[in-house]
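For reference, the structure discussed in these notes is given below.
Read-outs throughout are calculated quantities, based only on the coordinates presented, and are distinct from any laboratory measurement. The structure presented is a predicted model; accordingly, all values stated were derived computationally and were not measured. So basically every Cβ, Gly included, is an ideal-geometry build from the backbone, and we count neighbours across all protein chains shown.
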Amino acid sequence: MSDQHGAAGRHGAPGRRVVVLLGAGGTLGSALARAFATEADTDLVLSDVSDAALAATVEGIAGGHAKPETAVADVSDLAQVEAVVRLAVERFGRLDVLISNAGVLAQNGRIHNLATADWERSFRVNVLGAVNAIHAAVGPMRRQGSGSIILTASVAGMTAWSHSAPYCVTKAGVIHLAKVAAVEYARDGIRVNAVCPGTFLSGMHTELPQKAIDAISAKHPLGLGAADDLVGAYSYLASDASRWTTGAAIVVDGGYAAP
Ligand SMILES: NC(=O)c1ccc[n+]([C@@H]2O[C@H](COP(=O)([O-])OP(=O)(O)OC[C@H]3O[C@@H](n4cnc5c(N)ncnc54)[C@H](O)[C@@H]3O)[C@@H](O)[C@H]2O)c1
């Protein structure tokens, strides 16, 4: 996956690469965990708020090269995210890549029908979770003078979805957060980028009727994706191949946002 060992940042030191993945349970998290676990040079720390989802991810990578460390943590709580980063640094000595992948889709509804709690939960997990990931990661990355932070956003942060305001607004916030953080930390050797997936079926869609899924699929010229279709973008951003890429929102969406 990485073309130069341990070279996640522009000046990454040669050696092993340490990757922390927040929101490692679920569909995309488990696909990313499986992919990074097959990298012989990579030490992996996996975290999720759900113990069961985390355990399922670990079970899915049992045949991989790396034995991951795991920690249950809620991304909306800075102290818990800092504990995950501390685990990575204490166990493996450094932090090269942090992926902020936890996310929630609020209740469907027009703005006047949504509750304040829908907005608060979306902001706490989607935006504050990404803020906390950056806050916790930049300590060790600044000391090293290198690092790559990857935030999972969505094409929902670039296009307007009716009945999904909290998701669209918070994912737009994640995209802009990546840009601001990229500017703030470039001189520390830290790159910050967002990945904007189109739709792949996951735990987020369990309550959608087939008719709605068909309608979403029809808006993707290449059809619905799968979590594995996203792995290449994360691999790129976690490797030295992306050493001159920061503040970018990389769209991987089967053509959804093209029209
Ligand atoms: N599925 C899609 O079509 C799609 C499209 C664009 C972006 N995304 C984004 O991809 C990411 C992964 O979503 P997915 O589709 O795999 O969904 P998923 O529901 O399968 O996985 C989401 C994971 O986030 C975890 N999580 C939720 N709240 C958390 C918290 N407070 N702290 C830590 N972990 C928490 C959940 O336990 C779950 O394991 C999300 O950020 C989502 O917004 C998904």
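Here the residues Cys168, Cys196, ranked from fewest to most Cβ neighbours within 10 Å of their Cβ, fall in the order Cys168, Cys196.
Simple rule: put +1 on each Lys or Arg Cβ and -1 on each Asp or Glu Cβ in the chain, find the dipole, and look at Gln80, Gly109, Ala136; the Cα lying farthest toward the positive end is Ala136. Here the average projected area of the convex hull drawn through the C-alpha atoms of the chain stands at 12.9 nm².
Just to confirm a number: summing +1 for Lys and Arg and -1 for Asp and Glu over residues other than Leu78 whose beta-carbon lies under 14 angstrom from that of Leu78, what do you get? In short, -1.
Residues Leu78, Leu95, arranged from fewest to most other Cβ atoms within 10 angstrom of their Cβ, appear as Leu78, Leu95. For the range 35-110, the equivalent ellipsoid derived from the alpha-carbon gyration tensor has semi-axes of 24, 17, 11 Å in decreasing order.
Local charge sum around Asn108 (other residues, Cβ-Cβ under 12 Å, Lys/Arg +1, Asp/Glu -1)?
Residues near Asn108 contribute -1 overall.
Take every Cα pair under 8 Å whose residues are at least 6 apart in sequence, average their separation, divide by the length of the range 17-252, and the relative contact order is 19 percent. Label positions at Thr38 and Gln210, each projected 7 Å from the Cα along the C-beta direction, are separated by 3.2 nm.
Between Arg191 and residues 5 or more places away or on another chain, which pairs have amide H atoms under 5 Å apart, with H built 1.01 Å from N, and which residues are they? Result for Arg191 returns Gly147, Ser148, Ile149. The stretch between Trp119 and Ala52 holds 21.5 nm of extra length on full extension. This uses 0.36 nm per residue minus the Cα-Cα distance. Note that the range 111-124 has calculated 3J(HN,Hα) couplings of 4, 6, 9, 8, 8, 3, 4, 4, 5, 5, 5, 4, 5, 5 Hz, one per residue in order, obtained from phi through the Karplus relation 6.51 cos²θ - 1.76 cosθ + 1.60 (θ = phi - 60°); glycine and proline are x.
Here's the picture: charge each Lys and Arg Cβ at +1 and each Asp and Glu Cβ at -1 in the chain, and of Phe92, Ala241, Ala215 the one pushed furthest to the positive end of that dipole is Ala241.
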